[in-house]
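The values are calculated or read from the model by the stated rules, or taken from the named source; none is laboratory data. Model, not experiment: these values are computed from the prediction. In this analysis, Cβ positions are derived from the backbone assuming ideal geometry, glycine residues included, and neighbour counts consider all displayed protein chains.
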Amino acid sequence: MKILLDENIPRKLKFDFNIDDEVRTVQELNWQGKKNGELLGLMTFAGFDIFITLDKNLQFQQNLNRFSIRIIILDASNSRYQTLQPFILKVTQALSGKIAGQIMIIT
């Protein structure tokens with residue numbers, strides 16, 4: 001599975017995912033500063049399956065039906081690594097099962 005972490009997610013969080021998943025960051029791909037629509041288009045073209053972000057407004061700002069990716073929104077109080085690291089277990093459990101729908105919010 002090919003996963004992209006948004007620029008609002010700490011880069012070192014990528015190392016907490018399953019070794020079988022290809023996890024990249026927006027910064028690694030030099031896509032920082034891209035508007036959401038452009039970023040989602042780049043992701044689709046590059047073959048990403050999952051986009052993980054903290055942007056709770058993304059689902060209301062974009063017509064997500066245009067893109068063939070799934071979006072996971074982490075509903076966290078802040079973007080610190082220590083806060084987000086416990087979310088990874090829930091994300092990996094969601095990814096190992098069938099994700100219902102195009103958007104999943106993990107609390």
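Quick notes on this one:
- When we screen 28, 7 for residues that are modelled with pLDDT of 90 or more, out of contact with any Gly (no Cβ under 7 Å at 6 or more places or on another chain), assigned to a loop (DSSP other than H, G, I, E, B) and loosely packed, with under 14 Cβ neighbours inside 10 Å, the only hit is 28.
- Looking only at residues of segment 85-99 that are under 14 Å from residue 70 (Cβ atoms) and in a loop (DSSP other than H, G, I, E, B), we find that the one that is modelled with the highest pLDDT is 97.
- So residue 80, is it surrounded by fewer than 18 Cβ atoms within 10 Å (Cβ to Cβ) and among the charged types (D, E, K, R): yes
- Within segment 45-65, one or more residues are over 19 Å from residue 86 (Cα atoms), touching a helix residue (DSSP H, G or I) at 6+ places or on another chain (Cβ under 7 Å) and outside any helix (DSSP H, G or I).
- Filter result for the condition that a residue is among the polar types (S, T, N, Q) and touching a strand residue (DSSP E or B) at 6+ places or on another chain (Cβ under 8 Å), over 59, 27, 93: 59
- Matching entry among 48, 67 (being among the aromatic types (Phe, Trp, Tyr) and under 23 Å from residue 89 (Cα atoms)): 48
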